Each structure stands twice: as structure tokens, then as C-alpha cells.
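Enquirer: To start, I am sharing the structure in question, which I have written as C-alpha cells.
Just so you know, all these numbers are worked out from the coordinates, no wet-lab data involved. All of these numbers come straight from a predicted model, not from anything done at the bench. Cβ placement follows ideal geometry from the backbone for every residue including glycine, while neighbour counts extend to all protein chains displayed.
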Amino acid sequence: MIDYLTAFDDNYIWLIKDEQLSCVVVDPGDAEPVINWLSAHSDYHLKAILITHHHQDHTGGIAKLKDITKAAVYAPYNEVTAYDIGVRDLDSLDILSSKIKVLSSAGHTKGHVSYLLDNNLFCGDTLFAAGCGRIFEGTAAQMYASLVKLSKLPLDTKIYCAHEYTLSNLRFAAVVEPFNDAIAERIKEVSVLRKYNLPTVPSLLSEEIRTNPFLRCHLPAVRRLVAEHLGQDLSDDLAVFTALRSWKDNF
Ligand SMILES: [Zn+2]
């Protein structure tokens, strides 16, 4: 079972529970929502804190939570200092009743990782619903490789990203692909959810493949649309992705 907690303006802190009444949180940028949840669910024991990358809105709650709960902190070995267990690509973590697999997903930051538990992907600021994270430290090639890798997971994979950006991402997607009916349809669905302040995530990978332009850079139609916008030919999928990412940065 996976619950969501909200923090700041648009962050999600994912909380994963198992039948043994253990739980894990992903990217607690703020300790308070987690502490409040634990007080209201005192049967549960916070076993671990999983960190996708070093940004403060994902790590700010670590010290306080660790102090109160003694939970072990798992974080990318090469970019977060306050960890107990440094994780790297393809590690398999034995914390809850199902194993958690670590997938490196660099690009947003150099050491960003995602966590896969059954068909649930906790991908931090790499893959967003209908979008992707900004490239702060890594390269466009790293980010694109990460997105291509994640897009090859099973189609029923649920995408638990760390921010509620879906509607603004879809508005951009609709400008990139004005004739994509799946994007128009998704805007309607997501607008209703947001009207009632409900989360639009997790989404399904199959839905991302239909509506997320950053997962569609290999399609000739998308390459043509991005090239038209830019006014120049694009030689390969990575060039399409790079142009699309900088278009979005200035959108
Ligand atoms: Zn970030």
C-alpha cells in the first residue's frame, strides 16, 4: 500500500507500507508530514528513508526524522552525505516484504537514482507525469538515457514522481503535439482532479508513452514538430530531446 503526503507547494513524499506494519518514506523534504502520519498510525514503524537525489526539497527532513525514528537512510552513494547505506545502480534492497531495486537515473543531478518496488517506480525528479526534470548537473545525454531506460519498464509500471507538475507539463505537451488526442484527453482528466485538489500521480507508464513528449523523441512526427519550432533539422533522438528540454525551460 502506498500513501502520499504533501510538502511545500507541490512536493509529494511517498509512504510505502507492508503487511508487517513497516513503512518507508521516499524523499522527505520536510519531516513534519511524516511525523504527523506516524503519530496518527502508531502501529507502523518507519524502517527506512529512501532518497533519490540531494536537493533540499527531497532531503530536508532526514535529520529530524532519523533523530525521532532511527530509520536507516538509503541514498545515492555519490551525492548525499547524510546516509547510512549508499546505494548504486542495480542494488537490491531488503527492507520491506518485497525487494526494492535501485536504478540509476542521472541527468537532473549526477547521482540521481530511482527505486522500483514491484511495478511501482519512485523516480524523484527524473520522469514526471507528462514531463521530465530539468537538467541541473548531468548532461542531456544522461537524462535522455535515463528516460529511455525507465520507458522500457513494463507498461503497467506506476510512476510515482516527486512533484505535482502534471497540468503545466501537459499544457506544454499540447503545444508540442497539438494533434495528439491522448494529450487533450489527459488535460481534461487532470483538470478535474486538480479542481478538487487531488493528486494526478501515480500515472501509468503506458499513459506517459502516449502523452509525455520527452518519451516520444524517437517518433518521426515529434521530431518534425520540434524541428519546425526550432527552424532547423534535428539529426537524432538525443538532438530532439535536447531541443525539447530547452524549449520547455523557456516555456
Ligand atoms: Zn530536484
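Enquirer: Only one of Ala63, Ala48 is over 22 Å from the mean Cα position of the chain (by Cα) and within 30 Å of Gly138 (Cβ to Cβ). Can you tell me which?
Expert: Going through Ala63, Ala48 in turn, just one is over 22 Å from the mean Cα position of the chain (by Cα) and within 30 Å of Gly138 (Cβ to Cβ): Ala63.
Enquirer: Go through region 83-110 and report how many residues are surrounded by fewer than 16 Cβ atoms within 10 Å (Cβ to Cβ) and either within 16 Å of the ligand (Cβ to nearest atom) or among the basic types (Lys, Arg) (or both).
Expert: Of the residues in that region, 2 qualify.
Enquirer: Please identify the pairs in which a residue from region 106-118 that is of a type in the set (A, V, I, L, M, F, W, C) has its Cβ atom under 8 Å from the Cβ atom of a residue that is within 15 Å of the ligand (Cβ to nearest atom) and in a loop (DSSP other than H, G, I, E, B), counting only partners at least 6 apart or on another chain.
Expert: Here the result reads Ala106/His112; Ala106/Gly138; Val113/Thr52; Val113/His53; Val113/Ser105, each pair linking region 106-118 to a residue that is within 15 Å of the ligand (Cβ to nearest atom) and in a loop (DSSP other than H, G, I, E, B).
Enquirer: So the check is Cβ under 6 Å with 6+ separation or different chains; which pairs have a first residue in region 122-137 that's under 19 Å from Thr59 (Cα atoms) and assigned to a strand (DSSP E or B) and a second one that's aromatic (Phe, Trp, Tyr) and within 13 Å of the ligand (Cβ to nearest atom)?
Expert: Phe128/Tyr165
Enquirer: Just name the residue that is nearest to Ile187 (Cα to Cα) out of those in region 220-246 that are loosely packed, with under 15 Cβ neighbours inside 10 Å and not polar (S, T, N, Q).
Expert: Ala221
Enquirer: Just one of (1) within 19 Å of the chain's Cα centre (by Cα); (2) surrounded by 15 or more Cβ atoms within 10 Å (Cβ to Cβ); (3) farther than 30 Å from Ile2 by Cα trips up Glu207, so point out which.
Expert: Going through the list (1) within 19 Å of the chain's Cα centre (by Cα); (2) surrounded by 15 or more Cβ atoms within 10 Å (Cβ to Cβ); (3) farther than 30 Å from Ile2 by Cα, Glu207 breaks only (3).
Enquirer: Take the conditions under 24 Å from Pro202 (Cα atoms) and small (Gly, Ala, Ser) and apply them to Ser92. Does it pass?
Expert: yes
Enquirer: Is it the case that some residue within region 78-85 is in contact (Cβ under 8 Å) with a residue 24 or more places away in the chain, of a type in the set (A, V, I, L, M, F, W, C) and not in a loop (DSSP other than H, G, I, E, B)?
Expert: no
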